[in-house]
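Notes for the one structure printed next.
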Amino acid sequence: MKTQICESESLDAVPVGWKAAKLKYHAELNPKCKTQVTEDSEVTFTPMENIKNGYFIPGKEKYGMFAGNSQYAEYEEGDIAFAKVTPCFENDNIAIMQDLVNGKGFGSSELFVMRPLDIGIKYLFYLIQSPHFKANGVASMTGTGGLKRVSSDAVRNYKFALPDAKIQNLISSYLDTKCAELDKVVEQTRATIEEYKKLKQAIITEAVTKGVRGPRPMKPSGVAWIGDIPEEWVVLKTLWLLEMPITDGPHETPTLYDEGIPFISAEAVSCGRGRIDFSHKRGYISKEYYDECCKKYTPRLHDIYMIKSGATTGRVSMVDTEEVFTIWSPLAVLRVNQEKMLSRFLFYSLQADYYQKQISLSWSFGTQQNIGMRVLEQLKIATPDADEQQEIVAYLDTKCAEIDLIIEKKEQLIEELGSYKKSLIYEYVTGKKQVLYK
């Protein structure tokens, strides 16, 4: 496509027939909402975690819960909501807000709301997802650690190449089709990943309740969710297997910085596939705060961390580093007495269906599901002798590594498709590629 020189310092050139534009002249950021409802009326409520990549999961609440409360972002039918905080901004947590209850909704204050003026809503939706827009937003972020936010001024003053309405519609329709095709492949791949995860859990459950020595005399375990176990095995409470009672981390979120001692949260456990994933740390704490409040929570090699609050309650990872870091309170720490059980055997047992079932039956509920540490200590573990534990661990290390490799390759495919989707959006909303039509 032919281009013309552009006077905007952030655009080298724009396609012929397009114009250089600033977003604030074509869309309104965090606009006032005009839809009127009564205090008892229901409206849509969308927490941050319910804004996904291109869609949202709606909830319902009474309008009176939000009236006059600046802690919530407000939106109307046809607005676009997208995350302003890292890493949700980079991960494209964005959706067109439609089919709202009574035409009105509220969400996290960590959302930007954008209303198109003289630009097509679908075109604006794709523009906000373009890598150029993302890079501009990331460059404007301020704050510390995991609390960095995109500057609203950077969003308003974003400069881009704007085609006429006809070209906008052509591009939007084309991207709707192509992105839907890519999303379908991603969805199918994710479904396959879930099947492999179920297979892995089934293999773990079979090994830690029946062993890997083949048919042998069995006896009732006395625990419904465990079933029969080999005759020479015993069932023990988790607490008896530990070096110390289950503990957790600091109960208040400290001030976070861009450097210091890593401060990790539940996300670092849930994303690590059995290892602490430091790329998901919340930020860093100071050495002074660590010495005063966190030193007693210093992790050791082979400690097991379990999420004890939220949607991923029960998920576990094992510490495989001697690096100094600290944890947040939604994580429980299990430190195994090595004379009674191998750490990796407990690590696998905690992932078994029977143990996860005990956890789900022991949840308490406040604003979200939780499990108490004293409750965890009373849950039951099927336990063989040390030699057989070692056999089972060796078997599961091999089998789980094979499955994890398959999952990793499929996750890589999803990442590659995501990158291709972003590049596709970029090429068309910048006019670098032209939609061919008859």
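The values are calculated or read from the model by the stated rules, or taken from the named source; none is laboratory data. Since we're looking at a predicted model, the values are computed, not measured. We place every Cβ from the backbone using ideal geometry, glycine too, and count neighbours over all the protein chains shown. Note: areas computed on protein heavy atoms with side chains; ligands, DNA, RNA excluded. Shrake-Rupley method; radii C 1.70, N 1.55, O 1.52, S 1.80 Å.
Brief remarks on what is shown
- Filter pass, Ser343 being buried (at least 16 other Cβ atoms within 10 Å of the Cβ), touching a His at 6+ places or on another chain (Cβ under 6 Å), in contact (Cβ under 8 Å) with a residue 24 or more places away in the chain and farther than 30 Å from Lys219 by Cα: no
- Criterion (over 22 Å from Val150 (Cα atoms) and of a type outside the set (A, V, I, L, M)) met by exactly one of Lys52, Lys34: Lys34
- Single match in Lys432, Lys409 (criterion: within 24 Å of Val185 (Cβ to Cβ), among the charged types (D, E, K, R), outside any helix (DSSP H, G or I) and open to solvent by 70 Å² or more (accessible area, probe 1.4 Å)): Lys432
- Condition check for Gly103: touching a strand residue (DSSP E or B) at 6+ places or on another chain (Cβ under 8 Å) and at positive phi: yes
- Boolean, Glu90 is acidic (Asp, Glu), closer than 28 Å to Ala135 by Cβ, in contact (Cβ under 8 Å) with a residue 40 or more places away in the chain and assigned to a strand (DSSP E or B): no
- Leu424 meets each of the listed conditions (1) of a type in the set (A, V, I, L, M, F, W, C); (2) farther than 21 Å from Arg275 by Cα; (3) part of a loop (DSSP other than H, G, I, E, B) apart from (3).
- Of the strands (runs of 3 or more DSSP E) contained entirely in region 207-317, those carrying at least 1 residues that are closer than 30 Å to Glu402 by Cβ fall at 218-220, 228-230, 234-237, 261-264, 304-307.
- Test result for Gln351, part of a helix (DSSP H, G or I) and either in contact (Cβ under 8 Å) with a residue 24 or more places away in the chain or not aromatic (Phe, Trp, Tyr) (or both): no
- Only a single criterion out of (1) part of a helix (DSSP H, G or I); (2) modelled with pLDDT of 85 or more; (3) touching a Phe, Trp or Tyr at 6+ places or on another chain (Cβ under 8 Å) is not satisfied by Arg374, namely (3).
- When region 318-337 is limited to residues that are in a loop (DSSP other than H, G, I, E, B) and in contact (Cβ under 8 Å) with a residue 60 or more places away in the chain, the one that is most open to solvent (accessible area, probe 1.4 Å) turns out to be Glu323.
- Among all positions in region 182-191, there is no residue which is touching a residue at least 60 places away in the same chain (Cβ under 8 Å), assigned to a helix (DSSP H, G or I), hydroxyl-bearing (Ser, Thr, Tyr) and under 14 Å from Phe345 (Cβ atoms).
- So Val101, is it over 26 Å from Ala268 (Cβ atoms) and either at pLDDT below 95 or open to solvent by 50 Å² or more (accessible area, probe 1.4 Å) (or both): yes
- Here region 104-123 is the region considered, the condition is being over 23 Å from the mean Cα position of the chain (by Cα) and surrounded by fewer than 22 Cβ atoms within 10 Å (Cβ to Cβ), and the residue that is nearest to Met48 (Cα to Cα) is Arg115.
- Answer from Thr247, Thr209 - the residue that is touching a strand residue (DSSP E or B) at 6+ places or on another chain (Cβ under 8 Å), open to solvent by less than 80 Å² (accessible area, probe 1.4 Å) and farther than 30 Å from Cys293 by Cα: Thr209
- Cβ-Cβ under 6 Å pairs, at least 6 apart or on other chains, region 60-84 side open to solvent by 40 Å² or more (accessible area, probe 1.4 Å), far side aliphatic (A, V, I, L, M): Lys60/Val101; Tyr63/Val37; Tyr63/Val43; Glu77/Leu100
- Screening the candidates Tyr355, Tyr305, Tyr395, Tyr297 for the property of being over 26 Å from the mean Cα position of the chain (by Cα) and either surrounded by fewer than 21 Cβ atoms within 10 Å (Cβ to Cβ) or at pLDDT below 95 (or both) yields one hit, Tyr395.
- Checking Met141 against (1) open to solvent by 60 Å² or more (accessible area, probe 1.4 Å); (2) under 21 Å from the mean Cα position of the chain (by Cα), the condition it does not meet: (1)
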